[in-house]
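Written below as structure tokens is the structure these notes are about.
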Amino acid sequence: MQNKVIVAMSGGVDSSVAAWMLKMKNYHVEGVFMKNWEENDSQDYCHAKKDLKDVTDVCKLLNIPLHIINFSIEYWNKVFKIFLLEIKKGNTPNPDVLCNKEIKFKLFLKFAINQLQANFIATGHYARTKIIDNNISLIRGYDSYKDQSYFLYNLTQQQLKKVLFPIGFLKKSQVRQIAYKLNMLVAKKKDSTGICFIQPKKFNNFINRFINPVSGNIISIKGDFLGFHTGLSHYTLGQRKGLKIGGIKNKFNDPWYVIEKNINNNSIIVSQGKNNIYLMSVGLIANSVNWINKKLFNKKKYYTVKTRYLQNDITSKIIPIGLDSVKVLFLTLVSSITPGQSVVFYDNEICLGGGVISSRLPFA
């Protein structure tokens, strides 16, 4: 009897090729399109209609059934409301991490197993799994430039037993090649970026619909007034673009960078130079830590971490401090550690887990 697998299909080339690969491996394959945002496309933020058409075309080409499910209310309550709350606190949350945790690998997994009687779910993530010491481990994707294990650190053993990552062993170029050979219209489709459905260039305008931006002062580390910002929600630590200030220059004429957001007086503190000491941290504190397989963690060892997606690995010491918190100490100074973002732990190719950065340990 064939194992039944339900593929989360977004309308992109990755999930489309993933569905084809599973069919070639003799699974009974069905697709699910998740609608996570209720508004129409009139503002050109959400492309759900176009994505659904692309998914429908691929499912017809592959001759597999397609289910459409609306998780808009759940997305609003479990992802977007939390996202907005964190922004109001001055943090920079990662909604894609939260979407994976709450929607794709919780609600969708439950729906596929309970409602569609699936044996597995599958996604188009660039990641892999491997049995190590009788437990499932999450492994980086073969394509180091596309590896998405960073966004998957919240997965549990029970979830990983039910999840397949068909394209994790391929490079992006190979995935596109397969799509071209199959005459998939999505073969040339650009990768989606930013918040599940918002293009980065339109992010501030979108957020302004939910958080009223209040202008405030931009102040140098020395206390000099340099100009006005357009609202704290528009900025993050280490940001250079969009400050629109000239003001006092140092002898090297270095650009300004955000080093702090002061919620109490609605101001932004800036300093000059990409590697200025005020941007540097010796470590961080992270909460809401999830260990995918804690048996593989050794307190005495050094591991590597990423504090943002596609960042170079940072050799670090990870020190548990309580049930779900850790202190991470870097071997080298690291720039622009940003509360609200995720720190993810690695032992070479193995993703051990991760947590949400609550504070940085500044160098100065």
If a paramagnetic tag sat 7 Å from the Cα of LEU333 along the Cα-Cβ line, which residues of the stretch 269-283 would have the backbone N under 17 Å from that point?
270-283
Could you compute how much accessible surface PHE151 exposes when probed at 1.4 Å, giving the result in Å² to the nearest 10?
30
Going through LYS50/LYS190; LYS4/LYS294; LYS101/LYS162; LYS161/LYS301; LYS4/LYS104 one by one, the pairs whose alpha carbons sit over 22 Å apart turn out to be LYS4/LYS294; LYS161/LYS301
Any idea what the relative contact order of the chain is, in percent, if you count C-alpha pairs under 8 Å spaced at least 6 apart?
16
Using just the Cα positions, wrap the stretch 121-238 in a convex hull and report its mean projected area in square nanometres, one decimal place.
12.1
Sites matching trypsin sites (Lys or Arg not before Pro) across the stretch 288-364 that sit in DSSP coil, with at most 13 neighbouring C-beta atoms within 10 Å
LYS299, LYS300, LYS301
At 222 nm, what helix-only mean residue ellipticity would the chain give, in deg cm²/dmol to the nearest 500, using -39500 (n - 2.57) for each DSSP H run of four or more?
-5000 deg cm²/dmol
Sparse-neighbourhood loop hits (GluC sites (Glu not before Pro), the stretch 12-97; DSSP loop; Cβ within 10 Å at most 13 others) -> GLU38, GLU39
Note to self: Kirkwood Rh of the chain, Cα pairs, one decimal, Å, is 22.0
Grab the Cα-Cα distance for GLU38 and LEU310, subtract it from 0.36 nm times how many residues apart they are, and report the gain in nm with one decimal.
94.9 nm
Under 9 Å from the Cβ of GLU102, count the other residues' Cβ atoms, weight Lys and Arg +1, Asp and Glu -1, and hand me the total.
+3
Placed amide H near VAL282: partners under 5 Å, 5+ positions off or other chain
LEU361, PHE363
Tell me the label-point distance for the pair VAL214, LYS130, using the 7 Å Cα-to-Cβ offset, in nm and rounded to one decimal.
5.1
Taking K and R as +1 and D and E as -1, what net charge do the other residues with C-beta under 14 Å from the C-beta of ASN183 add up to?
+3
Descending semi-axes in whole angstrom, ellipsoid equivalent of the stretch 3-141, from the Cα gyration tensor:
26, 21, 13
What's the extension gain from ASN3 to ILE113 if we count 0.36 nm per residue and subtract their Cα-Cα distance?
38.4 nm
Obtain the nm distance between the two label points defined at LYS274 and LYS188 by a simple spin-label model: each point lies 7 Å from its Cα along the Cα-to-C-beta direction.
3.4
Theoretical gain in end-to-end length, TYR180 to ASP224 [0.36 nm per residue, Cα-Cα removed]:
10.2 nm
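The values are calculated or read from the model by the stated rules, or taken from the named source; none is laboratory data. Computed from a predicted structure; not experimentally measured. With ideal geometry, Cβ positions are generated from the backbone for all residues, glycine too; neighbour counts draw on all protein chains shown. Ligands, DNA and RNA are excluded from the accessible area calculation, which covers all protein heavy atoms including side chains. Shrake-Rupley method; radii C 1.70, N 1.55, O 1.52, S 1.80 Å.
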